[in-house]
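The values are calculated or read from the model by the stated rules, or taken from the named source; none is laboratory data. Just so it is clear, the structure is predicted and the values come from calculations on it, not from any experiment. Reconstructed Cβ throughout: ideal geometry from the backbone, glycine too, with neighbour counts over all protein chains shown. Note: accessible area is taken over every heavy atom of the protein model, side chains too, but ligands, DNA and RNA are not part of it. Shrake-Rupley method; radii C 1.70, N 1.55, O 1.52, S 1.80 Å.
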Amino acid sequence: MPGPSGAVTIARRAAWRGALGAVLAFLAGHAWLHGVDLGTVLVGCLALLVGGFVAAPRRGGPVPRSEAAPGRVRHGLAEALLANIPDPVILIDRRSLVIESNAAARALLPSLRPRHPLSFALRDPDVLDGIETVLRTGEPLKTLYSPRVPTERAFEVQIGAMQGGEAGRSGPNVVLFLRDLTSAQRLETMRVDFVANASHELRTPLASLLGFIETLQGPARDDAKARERFLGIMRVQALRMTRLIDDLLSLSRIELRVHVPPTQAVDVVPLVRQIADALGPIARERGAAITLDAAPGPHRVLGDRDEILRVIENLVENAVKYGGDGGRVAVSLNTLPAEESRAPQVEIAVRDEGPGIAPEHLPRLTERFYRVDAASSRQQGGTGLGLAIVKHILNRHRGRLVIESTPGQGATFRALIPALIPALGDSKKAG
């Protein structure tokens, strides 16, 4: 008959065998119903470590010091594994009292406390009902948890039973693994909105073209004046579709390279002058004037010349189109000195004297197809993608777009790109 030490060892082995069997049963059941993913495997490993430790006997005969060390090591491994799982994980007993949780779970549910009911911190009926179902049937299941405070988020909650817990004869423990779906759902919403908006923008000019073609083939077949007028309108609509497709392709190319920072040294001064000269005649047709104020010296950045040119063109063109007829479009270029937490910045500022923009519109101006006045934008030939392109280009250049406006007092758009500071040897050569 084994002594106390041998009995404890046998009991511990039995506990670990029970925990292993429970985890394998959980994984097998989950794979049968839902397939196996990384989250499920991690939760299974966590359950094995925690379950085996909790189930091991703690009382009885004296336990030699050498026998206690493996338990502490296993508990440390369980805590380390739990801490390094990036998604929230919560282990509760059959009474829904919290046994263990990781940092991600405590950050999501600040009221989560050990040996306190889970319902004190998580009050979602679907999750709580799912726990009851798992305790009753022993089968794993998935449900959704969508907290709205402090921000709206979405989680998929995987709930599984874990045999071999404390007082394992009385019932299983339950492990909850929460997978964050917020970003995926946001991307899906953006994709659906993008397809709907792009389809709408293309459908309108296509409908106009088809209507005029049918008219020219029918009633206006022999009407020369109507033919000339309709062909002019058709040309405008075709150009509108061309601009839209060009902007969509540009946006796609920029997004593909957004994680690849540019490495070419570019002086912004000639680019600003080029755009001011090119758009000057268009501004004069509207009775407006473009003024340029560039601080002395080169203003260099690490960038893509064509993309920076596109940023300046879009900002100045928007100011000319929507800044009000007869006003002034002021373009300025400067290098801002370094601040405590930010390197020197090259600032391209474009100010108009138009009607301004209401505060509720400012955060959404860089969204695709978002317009303050949709009718006016389409009349001006806008695609609704100009500022979205600007934002993505600046993101690739590790820069940012700042928009300042007061209704009735115009608007200022400032593109900020980290300045290229030459080395001492380079400055001497340049001198």
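Suppose each label sits 7 Å from its Cα in the direction of the beta carbon; what would the GLU404-ARG229 distance come out to in nanometres?
Going from the GLU404 label point to the ARG229 one covers 4.8 nm.
Local charge sum around PRO363 (other residues, Cβ-Cβ under 15 Å, Lys/Arg +1, Asp/Glu -1)?
Local net charge: +2.
Enter the Cα centre distance for the pair the range 298-375 and the range 76-124, rounded to the nearest angstrom.
47
Suppose R0 equals 25 Å; then what is the FRET efficiency for LEU362 and ARG106 from their Cβ-Cβ distance, rounded to the nearest 0.05?
0.10
Could you pull out the GluC sites (Glu not before Pro) across the range 303-357 that fall in loop regions by DSSP (anything but H, G, I, E, B) with no more than 15 other Cβ atoms inside 10 Å?
The qualifying sites are GLU339, GLU340.
Among 154-160, 83-89, 120-126, how do they line up by average Cβ neighbours within 10 Å per residue, starting with the highest?
The densest-packed peptide leads the list: 154-160, 83-89, 120-126.
Sorted from largest down, what three extents in whole angstroms do the Cα atoms of the range 261-422 have along their principal axes?
Extents along the principal axes, in whole Å: 46, 30, 26.
What does the convex hull of the Cα atoms of the range 80-184 come to per residue, in Å³, rounded to a whole number?
97
Counting only other residues whose beta carbon sits under 11 Å from that of PRO261, what net charge do I get with K and R as +1, D and E as -1?
Summing Lys/Arg as +1 and Asp/Glu as -1 gives +2.
Give me the net charge of ARG229's neighbourhood, meaning all other residues with Cβ under 15 Å from the Cβ of ARG229; Lys, Arg count +1, Asp, Glu -1.
Here the charged neighbours net out to +1.
In the range 179-253, which trypsin sites (Lys or Arg not before Pro) fall in coil by DSSP and have 14 or fewer other Cβ atoms within 10 Å?
ARG221
Can you list the aspartates and glutamates whose alpha carbon is less than 14 Å from that of LYS391, not counting same-chain residues fewer than 8 positions off?
Answer for LYS391, where 14 Å is the Cα cut-off: ASP247, GLU255, GLU307, GLU313, GLU367, listed by chain and number.
Given 0.36 nm per residue, what is the gain on full extension from ALA338 to THR151 after removing their alpha carbon distance, in nm?
64.0 nm
What whole-number value in Å² describes the accessible area per residue of the range 80-184 for a 1.4 Å probe?
Per-residue value: 51 Å².
Where in the range 316-368 are there trypsin sites (Lys or Arg not before Pro) that are in a DSSP coil and have at most 12 other Cβ atoms within 10 angstrom of their Cβ?
Filter output for the range 316-368: ARG342.
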